[in-house]
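This report concerns only the one structure given below.
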Amino acid sequence: MPNKFIPLILLVLDGIIISAVPFLALLIRFDGAVESRYYHPLIANLPAVILIRLLVFYLMGLYQRLWQYASINELFAITGAITISSIIIALYAYFLDLAVP
């Protein structure tokens, strides 16, 4: 497979994982019995959350790295990208007054 497709594949895989994590978090939080009132704001805001995370990941250079030679620098890049995107998403949820646990 040509190397030019690898960043696109990583982007798509990250999008799938990012969209699954909030639903799994709700299942864990409520021991599998999630109230339906939590699904609507989650589904309505999921595109924004995916966009924010993927944009921050891209801007932090996570899709331009050589992962076969991963080191502590990549760990710092991943940690920074997750932290920055989480802060942006938390601010987004706060200012829109989203009702998610």
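The values are calculated or read from the model by the stated rules, or taken from the named source; none is laboratory data. Given the structure is predicted, the values throughout are model-derived calculations rather than measurements. Here the Cβ is made from the backbone with ideal geometry for all residues, glycine too, and neighbour counts use every protein chain on show.
Taken as a whole, the structure leaves Pro47 outside the set of residues that are of a type outside the set (A, V, I, L, M), within 23 Å of Ile84 (Cβ to Cβ) and at pLDDT below 90. Taking the criterion of being modelled with pLDDT of 85 or more and more than 21 Å from Gly80 (Cβ to Cβ), the residues of region 1-28 that qualify are Val12, Ile16, Ser19, Ala20, Pro22, Phe23, Leu24, Ala25, Leu26, Leu27, Ile28.
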